[in-house]
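Below you'll find the structure, written out as structure tokens, and then a few comments.
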Amino acid sequence: MSIFLLIAACGFASAEIPKAKPSPCALTDAEAAGLNGNASIDIHTVSNFSKTIYSLLTAGEFEQLDCIADSTRSHKETFPGGMWKIHAVYLGLEKPPVHPTQEDWDIHMQLVRKWMLSRPESITARIASAESYVNYGWDARGPGFASTVSASGWRLLAERTAKAKQILEETSALSTKDPEWYVAMQNVALAQGWEPTAKQALLEQAIKFEPTYYYYYRMYADSIQPRWGGEDGEVGRFLRKAADQLGGDAGDIVYFRVAGYLVCLCQTDQQLNLAWPRIQKGFEAAEKRYGASPENWNLMAHMAVSFGECETADKLLIRIGDQWSEDVWLDSSAFESAKQWAKQIEPVIAKKRPAEEAAEANLQTAEGQTYKLVFAEKIHTWMQPCIEELAGKDLGKFELLIKVGQAGTIDEIAGGGLSPVMPCLGRKLNGFRQEKQVVFPPPPQPAYWVRLDFDQADAASAAMK
């Protein structure tokens, strides 16, 4: 009886100890940890995910890689913030990390070929191989201007991208489909210099397959930038149309995502012709749908600096803290410079805010609407010669706030923006202000603020407030 009770007690004791759940895809604890970071608080989560994927490739764990990719693809998994996990899988597979040597490339290409041959039904292996071939081709070409590329560089780029295209075309026969297939083919199209109609047709096929996979739009937008032969403003027109067709929050999120990828501190918005209000809507929609993430804060702060939106930049930079993104800022000095800029400019913006509020309040009254028409006519008269002098140039956009005195003088001028119209118009307005000339009719009340918003897109008849 004692023996029986002892056995029973041991049985009950063991039943009370929960069994450890097997790791999905037979991963080790370290591998699972690398794939399961929290992107809502850690800026390194996505990069750690991709690094773990690459470590599985180098270890020859092809079955585990297929298991992970199949799961993330079939469930359309995203990180907090909205980044697709299947894309992060391919980021870890498309090339060797850091600055690869020829030896690194040789090992990498052997691995992806071995994976593709050993698991011929793996769509992940095929797409990873195709993307690797394209990147291997660009590596042979080098980063310089076309005139600096050697004959062998051009030949290897052509051969390797042709191999990538062949793999992708063969892959299309598989029953499993993957949105990244289209991104890989877009990479081929860029490397091979496809005609615009062919690139457009590929994009339309991609959108039909998975309309919210925003990496398609990024690739296409990049391919029509001026550096690839596109026109100034073409990116903005494309992105606006694509977001409008997608519609709602989904369209706004795509707009924000693509803008965040394209905008850099060394590039002017005039080249891209992007709309800051639409970017804001997309950021807010992404945070509402997918939750907060340091990656999105960095993207938005970076764009705010580029657009001169210091108030937004300052708030986001504080929110970011030490979670700055190397992919976005490149190095810590750029990030710290942005923080200093935002702190220095924010007090100026804070001082301007009451003037903006007063101008908006004035516009809400019937007499304010009437005064606006008279004011607009005067401004147009002074601004037109400036616009004519700048014929053919990008006029940009600016905001101008004018406080009109009781007799119709210009008492104060505020505002900002990047536009060659501003210096020309500003000289005239400052001349009137310094000489205390009466240039407007008496306003409805003393110290009356009026706002002018000028945009290149509406140069003939600027929007007045």
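The values are calculated or read from the model by the stated rules, or taken from the named source; none is laboratory data. If you're wondering where the values come from, they're calculated on a predicted model, not measured in any experiment. With ideal geometry, Cβ positions are generated from the backbone for all residues, glycine too; neighbour counts draw on all protein chains shown.
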Given the structure, is ALA125 modelled with pLDDT of 95 or more and either within 23 Å of MET219 (Cβ to Cβ) or acidic (Asp, Glu) (or both)? yes
Kindly check whether there is at least one residue in region 65-80 that is in the same structural domain as ALA250 (by TED's automatic domain parsing), closer than 30 Å to ASN187 by Cα and modelled with pLDDT under 95. no
Taking the criterion of being under 15 Å from ALA355 (Cβ atoms), acidic (Asp, Glu) and at pLDDT below 90, would at least one residue in region 373-394 satisfy it? no
In region 311-344, residues that are without any contact (Cβ under 8 Å) to a residue 12 or more places away in the chain and basic (Lys, Arg) total 1
Hey, can you tell me all the residues within region 164-182 that are in a helix (DSSP H, G or I), touching a residue at least 40 places away in the same chain (Cβ under 8 Å) and over 26 Å from the mean Cα position of the chain (by Cα)? ILE167, LEU168, GLU170, THR171
Go through ARG257, ARG218, ARG237 for me and flag whichever is surrounded by fewer than 17 Cβ atoms within 10 Å (Cβ to Cβ) and either in the same structural domain as SER337 (by TED's automatic domain parsing) or in contact (Cβ under 8 Å) with a residue 40 or more places away in the chain (or both). ARG237
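Considering every residue within region 109-118, establish whether at least one is in the same structural domain as SER47 (by TED's automatic domain parsing), closer than 25 Å to VAL258 by Cβ and either at pLDDT 95 or above or surrounded by 22 or more Cβ atoms within 10 Å (Cβ to Cβ) (or both). Walk me through it before giving the result.
Let us first name the residues in region 109-118 that are in the same structural domain as SER47 (by TED's automatic domain parsing), namely 109-118.
Remaining after also requiring closer than 25 Å to VAL258 by Cβ: none.
Within region 109-118, not a single residue is in the same structural domain as SER47 (by TED's automatic domain parsing), closer than 25 Å to VAL258 by Cβ and either at pLDDT 95 or above or surrounded by 22 or more Cβ atoms within 10 Å (Cβ to Cβ) (or both).
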Any residue at all in region 58-67 that's over 22 Å from the mean Cα position of the chain (by Cα), in a helix (DSSP H, G or I) and surrounded by 22 or more Cβ atoms within 10 Å (Cβ to Cβ)? yes
Any chance region 85-104 includes a residue that's at pLDDT 95 or above and more than 32 Å from the chain's Cα centre (by Cα)? yes
Of (1) under 27 Å from ALA275 (Cα atoms); (2) assigned by TED's automatic domain parsing to the domain that holds PRO446; (3) of a type outside the set (A, V, I, L, M, F, W, C), GLY405 satisfies every one except (1)
Mind listing whichever residues of region 415-442 are touching a residue at least 60 places away in the same chain (Cβ under 8 Å), touching a strand residue (DSSP E or B) at 6+ places or on another chain (Cβ under 8 Å) and either over 24 Å from GLU388 (Cβ atoms) or not aliphatic (A, V, I, L, M) (or both)? GLY415, GLY416, GLY417, PHE440
For region 69-87, state whether one or more residues are free of Cβ contacts under 8 Å to residues at least 40 places away in the same chain, in contact with a Ser or Thr (Cβ under 6 Å, 6 or more places away or on another chain) and under 17 Å from GLU131 (Cβ atoms). yes
Give region 130-157 a look and list any residue that's of a type in the set (A, V, I, L, M) and surrounded by fewer than 17 Cβ atoms within 10 Å (Cβ to Cβ), or say none. ALA146, VAL149, ALA151
Count of region 406-422 residues which are under 19 Å from GLU357 (Cβ atoms) and in a loop (DSSP other than H, G, I, E, B): 1
Yes/no for GLY426 being of a type outside the set (A, V, I, L, M), within 28 Å of GLU311 (Cα to Cα), at pLDDT below 90 and not in a strand (DSSP E or B): yes
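Out of curiosity, is THR171 assigned by TED's automatic domain parsing to the domain that holds ARG119, on the phi < 0 side of the Ramachandran plot and loosely packed, with under 14 Cβ neighbours inside 10 Å?
Here the answer is no, as THR171 does not meet what is asked.
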Name the one entry in GLY229, GLY251 that is without any contact (Cβ under 8 Å) to a residue 40 or more places away in the chain, closer than 23 Å to GLY392 by Cα and among the small types (Gly, Ala, Ser). GLY229
Output the residue which, of all residues in region 259-278 that are more than 21 Å from ASP455 (Cβ to Cβ), within 14 Å of the chain's Cα centre (by Cα) and not hydroxyl-bearing (Ser, Thr, Tyr), is modelled with the lowest pLDDT. LEU265
